[in-house]
Amino acid sequence: MTPSHQSTHEPQCRESLFRLERRIISGCVVLLLVAIVIGSAGCSKLGNQNSNAGPGGGADNSNNAPVPPSSAGQGTPTTWEAKGTSLNGKDGQTLTLACSPVGTAHSVWGSDIYTADSSICTAGVHSGLITYQQGGTVTIELRPGRTIYGGSERNGVVTSPYGAYGQSFVFKTPNTEAVVREAEDHTPVLWNTSASMVKFEAGKTYKFKCPPGGKESAVWGSDIYTLDSSICNAAVHAGKLTMESGGSVTIELRPGESAYKGSERNGIKTNDYGQYGSSFVVK
């Protein structure tokens, strides 16, 4: 091999080796970058999974869990014994309360408009907003008292009528005002409700609403009835409504009579009575 040939070949060899080294280094750099990118993505995914973990470290499936109904405890937890008076609220104030499942019945006075000392949760069942079994959430509004509260039977709850009471509550629903207006215009009563619950004032008139499917209850007098007579049965006796259909009736308070004479009219038999301090007539 001549020196001139050797000198030409060696630079070419070195140049080839240099290019090969550059290619290997470049390839390693690319592989290293790919590894870094993959590793970063994996860490990021792991970090996201960990950030969604609940307090116990498990995955939080809250985004996939069904949304509980509004009746499932959105308000302040309360007992079935709790009354409006126990809230110490002011007239016009609204309060949202959560009644626990498997409730028990407690006393309620009123119908759509309830005395403040009534059981809120039981009144909620009466209004059809919740059930004893499932409980649920109700919103009430405290209101001023009334001179008279009705009574009715709804959803397995029988409420009692009452006279004057200092504070009331109603349930807030889309049709609250319409329901309250109807209850104010014609106080709902049961067939055994007498007029003696009202504060007596001669000449004062009251409008009541008797439900369909009436039941007989005691009445004393004819045309003029003792104040403790059944309002609805007296109205049937007077020919103003029927037991089958019920309906609205207006009474006027009158002074007492020295004697009351019974009679039989429209399928209702009333009783005789002696002197009684206050009366009513059916208008």
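The values are calculated or read from the model by the stated rules, or taken from the named source; none is laboratory data. Just so we're clear, the structure is a prediction, and the values are computed from it rather than from any experiment. Virtual Cβ from ideal backbone geometry, glycine too; neighbours counted across all protein chains shown. When the accessible area is computed, the model is the full protein with side chains, heavy atoms only, and any ligands, DNA or RNA have been set aside. Shrake-Rupley method; radii C 1.70, N 1.55, O 1.52, S 1.80 Å.
Listed conditions (1) free of Cβ contacts under 8 Å to residues at least 12 places away in the same chain; (2) under 16 Å from GLU252 (Cβ atoms); (3) polar (S, T, N, Q) are all met by THR205, apart from (1).
Results for (1) within 30 Å of ARG181 (Cα to Cα); (2) open to solvent by 10 Å² or more (accessible area, probe 1.4 Å), shown as yes or no for each residue.
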site: TYR206; (1), (2): yes, yes
site: THR242; (1), (2): yes, yes
site: ILE251; (1), (2): yes, no
site: GLY274; (1), (2): no, yes
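Considering only the stretch 190-199, I want to know if a residue exists there that is part of a strand (DSSP E or B) and free of Cβ contacts under 8 Å to residues at least 24 places away in the same chain. So far as the stretch 190-199 goes, no, none of its residues is part of a strand (DSSP E or B) and free of Cβ contacts under 8 Å to residues at least 24 places away in the same chain. Once the stretch 253-268 is narrowed to residues that are surrounded by 13 or more Cβ atoms within 10 Å (Cβ to Cβ) and of a type in the set (D, E, K, R), the residue that is nearest to the chain's Cα centre (by Cα) is ARG254.
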